Amino acid sequence: MTTHTPERVVVLGASDKPDRYSHRAQILLQKHGHHVIPVHPRLTQIEGIPVVPELGAVTGHVDTITVYVGPAISSDLAKSFIQMRPRRVIFNPGAENPALASQLQGAGISTEDACTLVLLGTGAY
């Protein structure tokens, strides 16, 4: 199962717990052929994929950042988001951050409040 064009996707707030939506999204993104970069400060790998400890440590081109952390965490990462220059940022349910979204849009980065799992499941990703 693949989507149109494989993307390089950062999962901010990645989890190694199978019941977490960020974990489910990582698995589904991979099944759709995307290259996933999980970000979590204390994990070293998830499902055999190396984990990056912080957003600022991600190197190379990024197409999408899918956010699973709340505004208390994401608000302090505006500079890292902007320096990374992804094509878009998806704020999953519970991670919405209108102030950050406004900053990113001002920097020319597309944002959306959506569920990555639903987008993938409906072919709208």
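Laboratory data are not the source of any read-out in this text; all were calculated from the coordinates shown. Bear in mind that the values here come from a model prediction, so they are computed numbers and not experimental data. Every residue, glycine as well, gets a Cβ built from its backbone with ideal geometry; the counts of neighbours run over all protein chains shown.
Could you list all residues from segment 77-95 that are part of a helix (DSSP H, G or I) and either touching a residue at least 40 places away in the same chain (Cβ under 8 Å) or more than 13 Å from T66 (Cα to Cα) (or both)?
Our first condition is that a residue be part of a helix (DSSP H, G or I); within segment 77-95, this holds for 77-84.
Within segment 77-95, L77, A78, K79, S80, I82, Q83, M84 meet the criteria.
Filtering segment 50-63 to residues that are in a strand (DSSP E or B) and surrounded by 15 or more Cβ atoms within 10 Å (Cβ to Cβ) leaves only V52.
Do we find a residue being surrounded by fewer than 15 Cβ atoms within 10 Å (Cβ to Cβ), in contact (Cβ under 8 Å) with a residue 12 or more places away in the chain, part of a loop (DSSP other than H, G, I, E, B) and on the phi < 0 side of the Ramachandran plot anywhere in segment 64-74? Yes: segment 64-74 contains one or more residues that are surrounded by fewer than 15 Cβ atoms within 10 Å (Cβ to Cβ), in contact (Cβ under 8 Å) with a residue 12 or more places away in the chain, part of a loop (DSSP other than H, G, I, E, B) and on the phi < 0 side of the Ramachandran plot.
Contact annotation: residue pairs with Cβ atoms under 8 Å, 6 or more positions apart or on different chains, pairing a residue in segment 13-40 that is free of Cβ contacts under 8 Å to residues at least 24 places away in the same chain with a partner that is part of a helix (DSSP H, G or I), are K17/H23; P18/R24.
Out of H35, H40, one residue alone is surrounded by fewer than 20 Cβ atoms within 10 Å (Cβ to Cβ) and within 12 Å of the chain's Cα centre (by Cα). It is H35.
Step by step: first the residues of segment 1-32, then only those that are of a type in the set (S, T, N, Q) and surrounded by 13 or more Cβ atoms within 10 Å (Cβ to Cβ), then the one that is farthest from G123 (Cα to Cα). Which residue is that?
S15
Within the bounds of segment 96-103, is there any residue that is more than 17 Å from Y21 (Cα to Cα), part of a helix (DSSP H, G or I) and among the polar types (S, T, N, Q)? Checked segment 96-103: at least one residue is more than 17 Å from Y21 (Cα to Cα), part of a helix (DSSP H, G or I) and among the polar types (S, T, N, Q).
If you go through segment 78-103 and pick out every residue that is surrounded by fewer than 21 Cβ atoms within 10 Å (Cβ to Cβ) and of a type in the set (A, V, I, L, M, F, W, C), you end up with 5. The lone criterion from (1) over 19 Å from P6 (Cβ atoms); (2) among the hydroxyl-bearing types (S, T, Y); (3) in contact with a Ser or Thr (Cβ under 7 Å, 6 or more places away or on another chain) left unmet by T116 is number (1).
Of all residues in segment 2-41, those being out of contact with any strand residue (DSSP E or B) (no Cβ under 9 Å at 6 or more places or on another chain) and either part of a strand (DSSP E or B) or more than 14 Å from L117 (Cβ to Cβ) (or both) number 6.
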